[in-house]
Structures are given as C-alpha cells and as structure tokens.
Amino acid sequence: MDYKELIKRELIPAFGCTEPIAIAFASAKASELLGKKPEKIIANLSSNMIKNAYSVTVPGTLGRKGIEISIVAGALLADSSKKLELLSTIDKSRLSECDDFIKEGCVELNLAKGKANLYIEIITINEDNSSKVVVEDSHTNIVRMEKNGEVIFDKTSKDNNEDSCSFSFNEIYNFARTCDYNDIKDILQKQIDYNLKIAQEGLDNDWGSNIGRLVLEMDNKAYFEKLVAFAAAGSDARMNGCELPVIINSGSGNQGITTSVPLILYAKDYKYKEDDLYRALIFSNLISLYIKDKIGKLSAYCGVVSASSAVFSSIAFIKGEDKKIIKDTIINSLAVNSGIICDGAKSSCAMKIASSLRNAALAYEQAKHYKSFKPGDGIVKDSLDKTIETVANIARYGMKKTDEVVLNEMLDNRDYIKDFE
C-alpha cells in the first residue's frame, strides 16, 4: 500500500471514541445479520477493547457511559453502513429501550483471552436463530460472519496483512515535500475543519475536566501553550460525549486531534500558505502512523505521545528546519514520554495530550539548540528509524504485562475479568 492509500484508509471521520463505536458497529452488523431484534447479546472483547470503552461517554446516548450501552445501541438503533459515524443519527427517544434491555440482563460481556489487542466478537440470539460478527485489528475490519452456525464470510490472516505499508523517515519526508496531494486534499481539509471545530467547542463550553480551558487560564505567556490548550480542549469535548465528528489517526480521535490541531493553529497564526499546511499535515499524519505501526492501534502505550512527537516535528517541517532538527525533535520527545500508560479513553486523556505536547515542544527547542540526546542515552539509537523500532518493541512487547495489570486494576472485582495467567 502506498502513502496516499494509507491516508485514505486511516484518516476517516469518527463520531465519538472509536472503541465503543467499533463495538456498536459490530453489534449493529450482527443484529442486521440476525434479521430480527435480538433477545440476548453476547460480547467477547479483548482486554484493550474493554479498557478503552469502559469509562468513556458514548456520543448520541445522552451522557451514558460504558460498554453495554455501546453494544445495545448498536444492535437496536444503529445502521452499520455508517461505520464509525453510526451513532450520529440514532433515535434518542428509544434509548430507554436500550436501558431496559441492559437491566433485564440480556447482555453478556466476556473477556476474550489470547486474541489480538483489537478484537470484538458479537453474538446475537433470538429463539433458535443466532449470528456472529468478528472485528479484528482495525475498528471496522470484519474478519468473520456466521448465521446459525454457518460461516458466510471469512477473511484470512493473510488477507489482513496484505494492506501493510513500508515506512521510513526519509520516504515520508520526500513524499510530503513532493507529492501531488489533490486526490487526498478533501481528507486533509476535513481534518482541518472537523478537528479545529471540536477543539474550539472544548474551549467554548463545559466538557469534562476542562483541561484545555485550564491551560489557557493559567498565567503562561508561552505561545505553545495555546497549541496545547486547543488540542486538549478537543479531547475534553470528545471524551465527554460531544456530538461532533473528528478525522482520526491510527484508529484514534485523540491522536487525530493531537496530530493536527497544533499544526493547523500554528499555520494559521503565522499565515503559511495552504500548500504548506497540507504538506505538513501529510508529514505529521504519516509520522504518527509510522510510530504506531508496529505498536498496534491498541496497547498499554498512550498513543498521544507518538501524535505529539509527530505534530511538533511537523511544525519544524513547515518552518523548513534542517532534517536533523526534525528527526531529533521526534527522538527527544519519544525518549522521555514513551512510558505514559493508556488506561482507557476518558477525561484524563486531555491532560495526557497536554503533557505530551509540552514535552514535544521542549524536545523541539532542545533540537534547535543542538542539545539532543545521543545514541546510548537510554532507548535512543543511532538513527530515528531504529529509535522508533525500539519504542515499538517496548510498547508492544515490554508493556504487555503492564496492559494486563492496568485493566485488572480498572475493573477490580468485575465478574468478567479473570486471572491474567
């Protein structure tokens, strides 16, 4: 897959946090396959899906939180053809029907052990009829469908890997500088329009912990604090049920906001040309996708760290900084904040964005002053590409147990969480 096709696949609109929306999508598809209203729904979810959907407000549900409402709203009210925007037009007057379905004990939720980090299996049942839909690796990637035990669709593991993309810093840099982006311009413009709009909404109104507004209200004259505030405010709104779509990155709205909003504001404030902004957005999005590629969409590694590294390197990119400064910005940033854990989607994500962006801003200043970390300073390697690979290994493999412990602590004594042995 080339970079344009990757951008078309990854930079898509999503209405609400992508994990509960993905659960709703799979549930809607299973219900449609069943062909009638389910009497019972069984959801078998990977630990990361449970973690990320556990605490976040589900948009379109009038402030309801959690996994069960995502499952039931998807099955009873949603149209799967709308994919990650499927809860944007549900009939809110029927939400009490969803509440009753949950209260009657018609939802069974289980931890699916030994599965991919992003794994959703929804089974719907009505009398003697049943359906099953399995989503894996990507939020709308259906890999299996069954009706009454008969397999009607099966996507092999080989098929899942056919759409992989080859990354390197130099390839991304050259592509962003020279490509003809006309056929992806509309995607980039939507990212500008959607993501800036939800950031402004987060500042204008009362959402969650109001981290973005708190940043702006602090007596801090540093220009970069404005960029931090807007990005955090977008997360404030998104994590607390704001009914505005965003263009996501690496399967995440928070990463989509972080990868784009600071750059968009910077380009507008300093009056860069449209062409400069589009090319810098291409660079920022691809660098973020590169860092997350071998980590995976879901893990114990907080993805806004990679997004923050990408967006400040893109500010260096749009300013025409030397390639070494751009590279060192990413290395310096990853060397420090890569240990931030992901404990699911919720209000505190906004503060993690603020922390990661501040770290990335300092990393950029560090690079400009030629004081960057050297190879051998902890996880820093002798090239950016090797450093990214090291971070990916730590996140994907080293933090696997961390992920399990975090989820166990979050869910405490919930019946559906068992020993992680």
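The values are calculated or read from the model by the stated rules, or taken from the named source; none is laboratory data. Everything quoted here is computed from the prediction, not taken from an experiment. Every residue, glycine as well, gets a Cβ built from its backbone with ideal geometry; the counts of neighbours run over all protein chains shown. Just the protein is used for accessible areas: all its heavy atoms, side chains included, with ligands, DNA and RNA removed. Shrake-Rupley method; radii C 1.70, N 1.55, O 1.52, S 1.80 Å.
Would a scan of region 274-285 turn up a residue that is assigned to a helix (DSSP H, G or I), open to solvent by 10 Å² or more (accessible area, probe 1.4 Å), at negative phi and among the hydrophobic types (A, V, I, L, M, F, W, C)?
yes
Of all residues being under 18 Å from Asp269 (Cα atoms) and in contact with a helix residue (DSSP H, G or I) (Cβ under 7 Å, 6 or more places away or on another chain) in region 212-225, which is least open to solvent (accessible area, probe 1.4 Å)? Just the residue, please.
The extreme case among them is Glu225.
Residue by residue through region 1-57, note down the ones that are in contact with a Cys (Cβ under 9 Å, 6 or more places away or on another chain), farther than 30 Å from Ala176 by Cβ and surrounded by fewer than 22 Cβ atoms within 10 Å (Cβ to Cβ).
Glu39, Lys40
Looking at region 302-310, is at least one residue assigned to a loop (DSSP other than H, G, I, E, B) and either touching a Cys at 6+ places or on another chain (Cβ under 9 Å) or among the acidic types (Asp, Glu) (or both)?
Step one: list which residues in region 302-310 are assigned to a loop (DSSP other than H, G, I, E, B), which gives 302-303.
Still in the list and also either touching a Cys at 6+ places or on another chain (Cβ under 9 Å) or among the acidic types (Asp, Glu) (or both): 302-303.
Within region 302-310, one or more residues are assigned to a loop (DSSP other than H, G, I, E, B) and either touching a Cys at 6+ places or on another chain (Cβ under 9 Å) or among the acidic types (Asp, Glu) (or both).
Identify, by number, the condition in (1) open to solvent by less than 70 Å² (accessible area, probe 1.4 Å); (2) farther than 19 Å from Asn170 by Cα; (3) assigned to a loop (DSSP other than H, G, I, E, B) that Val380 doesn't meet.
(2)
Which residue pairs have Cβ atoms closer than 7 Å, lie 6 or more positions apart in sequence or on different chains, and pair a first residue in region 197-211 that is surrounded by 18 or more Cβ atoms within 10 Å (Cβ to Cβ) with a second residue that is basic (Lys, Arg)?
Within 7 Å, the pairs are Ile198/Arg238; Leu203/Arg213.
Counting only residues that are open to solvent by less than 10 Å² (accessible area, probe 1.4 Å) and in contact (Cβ under 8 Å) with a residue 60 or more places away in the chain, how many does region 315-329 have?
Total meeting the criteria: 2.
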